[in-house]
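In what follows, a single structure is set out as structure tokens and then discussed.
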Amino acid sequence: MLAGSYLNQKRVRERYDIIGFISSGTYGRVFKARGRTGQVGEFAIKKFKPDKEGELQYTGISQSAIREMALCTELSNPNVVHTVEIILEDKCIYIIFEYAEHDLLQIIHYHTQTSRPAIPPMVIKSILYQLLNGVLYLNRNWVMHRDLKPANIMVTSAGAVKIGDLGLARLFYKPQATLFAGDKVVVTIWYRAPELLLGSRHYTTAIDLWAVGCIFAELLSLRPIFKGEEAKMDGKKSVPFQRNQMQKIVEILGLPTVDRWPLLKHMPEYGQLSNLAQGNSRVLNPVGLEKWYTSTVAHNRYVVPNSSPPGTKPDVPGRDGLALLQGLLEYDPMKRLTAEQALQHPYFPTNQAERDVLGKNCFAWSFTDYPNRRVSSDDNDIRTSSLPGTKRGGLPDDSLRPGKRLKE
Amino acid sequence: MAANYWDSSQRRYWTFTRQELADIRQRLEDKHRHLVQLYPLPDRRLLNIFFCQQLQRFSKRGTLGTKQQALATAQVYMRRFYSKVEIRETNPYLVLSTALYLACKVEECPQHIRHVVGEARQTWPDVITSDTSKMGETEFALISVMSSQLIVHHPYRTLLDLSPTFNLSPDELSLAWWIINDHYVTDLPLLHSPHVIALTAALLAVVLNPVQAAWSAGKEKELAAMRSGGAAAMRSDGDPVQKVGAILQHGMHQNRAVQAAMQSVVQAALGSAFSGGGAAGQELPGSGNTGGAGGAPTPALSAKVQKMMNWLAESEVDIEAMVDCTQEMISLYEVWETYKEKDCKEVIGKFVKGRGLDK
């Protein structure tokens, strides 16, 4: 078909030394690498899995991979993981990212061990500030991330927070079909906004801000605030109502009301709300976000850094933190804070110099040395198509993303 | 970025000056001197018209039903790809169907590869095989050559956004829309920003719509008035009267009178609004017996055109670029008259078959 030599201009193994294997998921595998041709720093190479196991033929690239490639080449922001290059070689796609030593999931896990104190409030504030800046950049550029969760938020060893994994992201400028038509299920269930759970066809960037709210809550309490169980797709076409997840939200926030969320009545799954209480008394006696917040903060053992002057009280997330959390976990997507509004919230300082400090290094207030990302060197052959036992379910593109994508 | 043209890969990597584009193409030709001599090709625009029509035919096939935006994106992919790859090294039918397959994914109207290959095989049975891996491989080539820069900004959005500002009538809007459709066969998508192209299309539409309407309605008096007003010049040996709708549907190249009028009117308009803007009083090649496209006052310019001119003068739009776009479109419609589908099909067939690129 095509004669000529323009294919394979670049070869991964000529340009990078693979140090080891980081993780695998439905999308493929991620490796840690170092440059061979003088590139500065370390890299994470995401190798997309071919659609079928052991595929020896070109089968066409999945739409999610195309989206990720297209967006990664356009995006450029300090709070979004930087894409170094994309290499297409031997029927495989490699996206080379800047390397980040940590991610929020790993940081949260580190703190969950009982002997350890909670994440310092200023660290949380800085993480949130940087995360919101990244979301603001994406949303301003008509990009919805659609899969924000702790595992997708990277943190470099210098304390820079960077949004990663744009595998579900897409442009939303005047979509041709409803967003629902393309991808029936978006956002890992625990971080899924109520309008999605209630079957909304036309959702907005507000879904990303709900996820930010969930992440904020998780940074405070070290566990997912709404840890529901995912109802599996029973048939092939119909998407089940995520009853358990909705219950988890209602147990804390209470039932949404038409009063506070006027368009609620028009949600396809609106009828489901009335019987949420059946067999679950907590639905009718919700904790309330305020109580959740105050007891979470009280329960956290915030410590005073050794370096502080004697008699200093620990820094505790205050009322402003609660107000911001309430603004992000607002049922009505129209009333939910936008990234821009959230960044203007009194929770954050108004002084630009202070904001700049907040935006730079979240570890500036940390007295923890987080362990480095685990890299296994047993499997550093990037050529092999896949690990045994990481079979892909043969799902059609975009139809479903299972709840947890990282193998742990 | 994605929604910001100024930071986009399109502006940074895929917008060239005419000289840069000429140099790129010269280097490519020099590298393939033998092939170039062996398989002579017609004017690039004629080939592009052919590809555009093939693409349209293909995309309109019952089950594909592609939307306009994907079609436009696919054409831009073709322009970009062939600025870096010698066309005689490729099977253009495979490249264009793959460009559409890829564009559909990027524009969020995906089609399964097997489906696209099936339709392509039906459309061009003698040059497309049923092997889907060929399209998969070509997709890799397209993406590699374009450095994964797949998001394309189109003029349609600017046109729709500005349509209320310029108070465009439905006829003017669709005329502008068709001009934008047509610009994809030129080099303009590689030369100018989408908003310059959108503004040029809107201006052309506003200026030409009355000429076209009067012509198609056969209103000799109005035409005469326009002529004497110095704004519009019509060829006295004009084509048979056509209905506006028909002209719109078939593109402006169908109507030579409109084409000639376009030349002089736009020259006059741009000239009067921006003295020294570059086009005033300048005779374009083949402009024929234009009726006074000087820098003189042009009473026939409608209030609408005048308002638009004022808007442009106040905005920071690159007027030189708009003049360049206008001239490119005019010369396109001239070249279009020499277009014969059969000729293009033959020359492409020669190198595809001759070099076994269809295998």
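The values are calculated or read from the model by the stated rules, or taken from the named source; none is laboratory data. Everything numeric in this text was worked out from a predicted model, so none of it was measured. No Cβ is skipped: glycine too gets one built from the backbone with ideal geometry, and neighbour counts run over all protein chains shown. Heads up: the accessible areas ignore ligands, DNA and RNA and are worked out on the full protein's heavy atoms, side chains in. Shrake-Rupley method; radii C 1.70, N 1.55, O 1.52, S 1.80 Å.
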Notebook entry, point to check: Before we move on, is residue A:43 modelled with pLDDT of 95 or more and part of a strand (DSSP E or B)?
Noted result: yes
Check: Of all residues in the range A:287-303, how many are in a loop (DSSP other than H, G, I, E, B) and modelled with pLDDT of 90 or more?
Finding: 2
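Is one or more of the residues making up the range A:52-73 outside any helix (DSSP H, G or I), within 27 Å of residue A:156 (Cβ to Cβ) and in contact with a helix residue (DSSP H, G or I) (Cβ under 8 Å, 6 or more places away or on another chain)?
no
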Checklist line | Given (1) open to solvent by 20 Å² or more (accessible area, probe 1.4 Å); (2) under 23 Å from the mean Cα position of the chain (by Cα), number of the condition residue A:343 does not satisfy | finding: (1)
Notebook entry, point to check: Within the range B:20-30, can one find any residue that is within 30 Å of residue A:139 (Cβ to Cβ) and either open to solvent by less than 20 Å² (accessible area, probe 1.4 Å) or over 20 Å from the mean Cα position of the chain (by Cα) (or both)?
Noted result: no
Check: Just one of the numbered conditions (1) surrounded by 13 or more Cβ atoms within 10 Å (Cβ to Cβ); (2) on the phi > 0 side of the Ramachandran plot is not true of residue A:288; which one?
Finding: (1)
Next item on the list: Starting from residues that are facing another protein chain (nearest Cβ under 10 Å) and in a helix (DSSP H, G or I), keep the ones in the range B:83-92 and report whichever is surrounded by the most Cβ atoms within 10 Å (Cβ to Cβ).
Entry: B:88
Checklist line | Residue among A:97, A:43, A:21 that is away from every other protein chain (no Cβ under 12 Å) and open to solvent by less than 20 Å² (accessible area, probe 1.4 Å) | finding: A:43
Checklist line | Identity of the residue in the range B:1-58, touching a helix residue (DSSP H, G or I) at 6+ places or on another chain (Cβ under 7 Å), assigned to a helix (DSSP H, G or I) and within 30 Å of residue A:77 (Cβ to Cβ), that ends up nearest to the other protein chains (Cβ to nearest Cβ) | finding: B:9
Check: Consider residue A:131 against the criteria (1) more than 14 Å from chain B (Cβ to nearest Cβ); (2) open to solvent by 10 Å² or more (accessible area, probe 1.4 Å): it satisfies all of them except one. Which criterion is unmet?
Finding: (2)
Next item on the list: Taking the residues in the range A:352-369 that are part of a loop (DSSP other than H, G, I, E, B) and out of contact with any helix residue (DSSP H, G or I) (no Cβ under 6 Å at 6 or more places or on another chain) as candidates, determine which candidate is surrounded by the fewest Cβ atoms within 10 Å (Cβ to Cβ).
Entry: A:369
Item checked: Qualifying positions in the range A:190-214 - surrounded by 24 or more Cβ atoms within 10 Å (Cβ to Cβ) and either in contact with a strand residue (DSSP E or B) (Cβ under 9 Å, 6 or more places away or on another chain) or not assigned by TED's automatic domain parsing to the domain that holds residue A:153 (or both) -> A:207, A:208
Notebook entry, point to check: What are the residues in the range A:331-362 that are among the polar types (S, T, N, Q) and farther than 15 Å from residue A:208 by Cβ, if any?
Noted result: A:344, A:350, A:351, A:352, A:361
Item checked: Residues (more than 7 Å from chain A (Cβ to nearest Cβ) and free of Cβ contacts under 8 Å to residues at least 24 places away in the same chain) located in the range B:93-121 -> B:112, B:114, B:117, B:118, B:121
Checklist line | Residue within the range B:3-13 that is of a type in the set (A, V, I, L, M) and touching a strand residue (DSSP E or B) at 6+ places or on another chain (Cβ under 8 Å) present | finding: yes
Next item on the list: Look through the range B:122-171, keep the residues that are over 30 Å from residue B:311 (Cβ atoms) and away from chain A (no Cβ under 14 Å), and return whichever of them is least open to solvent (accessible area, probe 1.4 Å).
Entry: B:123
Notebook entry, point to check: Just to be sure, is residue A:217 hydrophobic (A, V, I, L, M, F, W, C) and outside any loop (DSSP other than H, G, I, E, B)?
Noted result: yes
